[in-house]
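A short write-up of the structure that comes next.
Rule-based calculations on the coordinates, nothing more; no lab input. A quick note: this is a predicted structure, and the numbers were derived from the prediction, not measured. Note: ideal-geometry Cβ built from the backbone for every residue, glycine included; neighbour counts use all protein chains shown.
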Amino acid sequence: MGIGKCWAAVAILAAVPALAQEAPGAPPEPATISTPAGDSAAADSAKAAQDAEAQAVTLDTIEVYALRRKERLLDVPVAVTAMTRDQIESRGIQRLDDLNSLAPGLQVSRSPANTTISQITIRGSSQINPAIYWDPAVGVYVDGVYIGKAQGSIFNVVDLAGVEVLRGPQGTLYGRNTIGGTINFLTREPSGYFSGSAALEFGNLNARVQRASIDLPRIGFADITLGVRSERRDGWVQASPDSPVDELNNRHNDGLHFAALMDLLPELQGLYRFDYGKIDQTNNYLQLYRSDDATLQRYVHKDRQTQADIDAESFEHSKVQGHSLTLTWNLDERTALKAITGYRKVRWEDSLDLDGSPMFVAFTQRFTDYKQLSQDLNLGGSLDAWKYVAGVYYFADDGFTNNPQHFDNGALNFDSRYGTHTRAWAGYGQADWEAMERLTLTGGLRYTREEKSLDRVIGASPLPGAVPGLPLPGGGFVYYIREGWPPPKASFTATTPMVSAAWKFNDQLNTYLRYAEGFKSGGFNGEYSNLQDTPDDGNPATSNDTQRATATPFRPERQKSLELGLKSSFFGGRGSLNLAAFRNKLVDLQVSTFSGQGAAASTISNAGKATVRGIEVESAVVPFEGTTLRANYAWLDAKYDEFLDKANDPNDPTGQADTFQNLADNRAFVHAPRHSYNVVLDSRLVEGHWGELRAVADYVWTAAFYTYPYQLKPDPDPLPTDKQQEAEDTKVQAHGLLNARLAWSQIPLGGTSTLELALWGRNLMDDATANNFIDFGPGAFQSLTTANFEEPRTYGIAGVLRW
């Protein structure tokens, strides 16, 4: 059954309770605490009606699963930001990139030119290379299943019930590639009662969103829920008549979520989840931002444009499907054995006009197939003064990308292909000991071993005097690495400890000191190529530099973090204040630089060491009944202690010798704004028997930051081959975004059915800042730089039926 048919079936069922005076099978009275995962739509409506008076002048009590068990947020000795289902709905959070700056120190950007690839940074730890051979610095989980790669990681999470952002290294409980932190998406669990919701939304740019979810009454031993979502929107960039596409930056996506909660045995429960997302749209327009070439100059614009003139096919396709099965065996009232099995598959494609002009300068495509399998088996429980969790973990993935590239009016063409393979094993454990009434000591340890290998083929159209390699349709190619070349392999291991001490002054004030370590995986440079390569034996199949660089792994990036935190509730539950101060030391820092010396590619190297310090503040207050003010702020000081780059060796005029110098004072730290903050005002303006009028205003501000680790100022003594890429050329300027929503909600329709009508707007001040770049540097295509910009103001109306 297709997405459209699923949506139609759910919508028909959605209309049934609206016609009835009483909804059958009403759920029992819900608990008075707000949890991230799993209240049904009917339970949410009932809770809102029943507990409005009790909660009117106090903040909700939030519980999180950050430590693999359900605990009050105030008691967890980790910096965590939690967003409940109500906040998700009112703030319009649907996807990973909607979380940008909503937690202190969290940055979520889209990769340049793309809308489905994420660049996530927490506390200065980031990943800016979208290729599948590089791993993220922040772990993303959906219902406990790790999302392995950045490609395809931005998709609509249907039936999203909660989000948790854990800041700082989470290497003990969550493992590899969580050096910056972890983001947990929690979808709604079935309630076992007939309930649900249906929504229609219309906006400018001909935007249409349809979504529905339904919970069925218990069928045999299972509770079932189904949710679907469909979105269409015209592009805000119109293409010229002679361009291959009519528009860019449109939206065309569908999503589905299915869950079945099964009582297999009295002590054994199974929860199966399936999610599906399909995106078929044009890519994010790469606007020509800078060029030294006289011909290209007339197409350069520093201000956001809504008209494009391009010459290359442009699209972005993503198809993601995920399966997960969580088995929970309750051995007794205090002990449970849990197994989480996940399988995910991604088919991802794009086609890009990299120069953003009608000139044939740079045109690339990527066709990726990726699949992953994970298994987490853990035992958790409590015994007297102890709480514990211990487990084993396995992860495997295989991915392959075909990346054809064409430059300079077709004079230079590349056949670039690479595949990556990972097998990882881990054992972990963590225990809390309540040493005395107010003091809790925690210790944890994880050991990880992984094996990686790379498949690589790189070929280029013949240069003058070159010897042709393997033949391809359309002409001969010089191959730097042939098919069948023995793939490079490497093993990486890490032991990541964590210790903390928490002192609880009372139920409203908790402090902690935490030391933790984390690491981001090593790997291979799957895209490396060098046109100036000269094989020692004259055989292009045994190329010297290209083959050596491809076969040499870069090392894992490691981090040691010390964090001091405070969590508090005050004014009788009407206010909260959470503080965190941290100091992180990073070694073997992985730095990605864009190279124009061969095929368009990013090269990763272990540049050196860095120290990152910061202070984070989260606060919330209910100043008067029905109004909540939330705010967060982050101050970040990120500096290199060591940044090794090629030195100018007078005995090597070509600049090819491996002589390095420390340039820590003259390299930009990427995606690390000095200041950022978020303010949210949520107010019930008026209420009565006809419902309530509620307004939400959400403002995010980010200071300026760099997107490439290039020179802060020109090197005084550059190499003859140094491209002198300056970080200032690709700097995102300080800017802010304002979103708002005005809703007439809880309009009674009879029984438990209610209606909501809302007006919404995003980027209401129409901020037009350039927010990401591709910088080819002066060594390629006349210092060509292209940019993405913030989307223009969007607005619309929505109707939501709940029962």
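Treating each Cα of the range 309-444 as one equal point scatterer and applying the Debye formula with no solvent, the log10 of I(q)/I(0) at q = 0.10, 0.15, 0.20 Å⁻¹ comes out as -0.59, -0.84, -1.12. Just need the relative contact order of the range 126-175 here, percent rounded to a whole number, with Cα pairs under 8 Å and 6+ apart. Normalised by residue count, the contact order of the range 126-175 is 27 percent.
Rounded to 0.05, the FRET efficiency of the ASP507 and THR58 pair, given R0 = 22 Å and the Cβ-Cβ distance, is 0.95. The rule of thumb for compact globular proteins, 2.2 N^0.38 Å, goes into the C-alpha radius of gyration of the range 239-366 1.72 times. The calculated FRET efficiency for the pair PHE570 and GLN365, based on their C-beta separation and a Förster distance of 56 Å, comes to about 0.50. Overall size of the range 299-381 from C-alpha positions, given as principal axis extents largest first: 69, 28, 15 Å.
What FRET efficiency do you get for LEU712 and ALA768 if R0 is 30 Å and r is their Cβ-Cβ distance, rounded to the nearest 0.05? It comes out at approximately 0.70. Summarising the label geometry, the points placed 7 Å from Cα in the beta-carbon direction at HIS675 and ARG438 lie 3.6 nm from one another. Considering only alpha-carbon pairs that sit under 8 angstrom and 6 or more positions apart, the relative contact order computed for the range 210-296 is 24 percent. List, in the order given, every pair from LYS371/LYS639; LYS70/LYS560; LYS278/LYS520; LYS504/LYS585 whose Cα-Cα distance in the structure shown is over 32 Å. Beyond 32 Å: LYS371/LYS639. Based on Cα atoms of the range 228-281, Rg over Rh with Rh as the Kirkwood radius reads 1.39.
Dimensions of the range 352-424 based on its C-alpha atoms, expressed as ranges along the principal axes with the largest first, amount to 73, 22, 12 Å. Overall, the ratio between the Cα radius of gyration of the range 120-249 and 2.2 N^0.38 Å, rounded to two decimals, is 1.38. Once you divide the Cα radius of gyration of the range 152-219 by 2.2 N^0.38 Å, the number left is 1.57. Computed over the alpha-carbon atoms, the range 102-181 gives an Rg to Rh ratio of 0.93, Rh here being the Kirkwood radius from the mean inverse distance. With q set to 0.24, 0.30 Å⁻¹, the log10 of I(q)/I(0) for the range 406-459, from the Debye formula over equal scatterers at the Cα positions, is -0.93, -1.07. In this label model, THR493 and LEU268 are separated by 3.6 nm, measuring between points 7 Å along each Cα→Cβ vector.
Computed on the range 94-227, with alpha-carbon pairs under 8 angstrom and 6+ residues apart, the relative contact order is 18 percent.
Label separation (ALA581 vs GLU728): 3.4 nm, computed from points 7 Å beyond Cα along the C-beta direction. Rounded to whole Å, the principal axis extents of the Cα atoms in the range 481-523 read 66, 17, 10, largest first.
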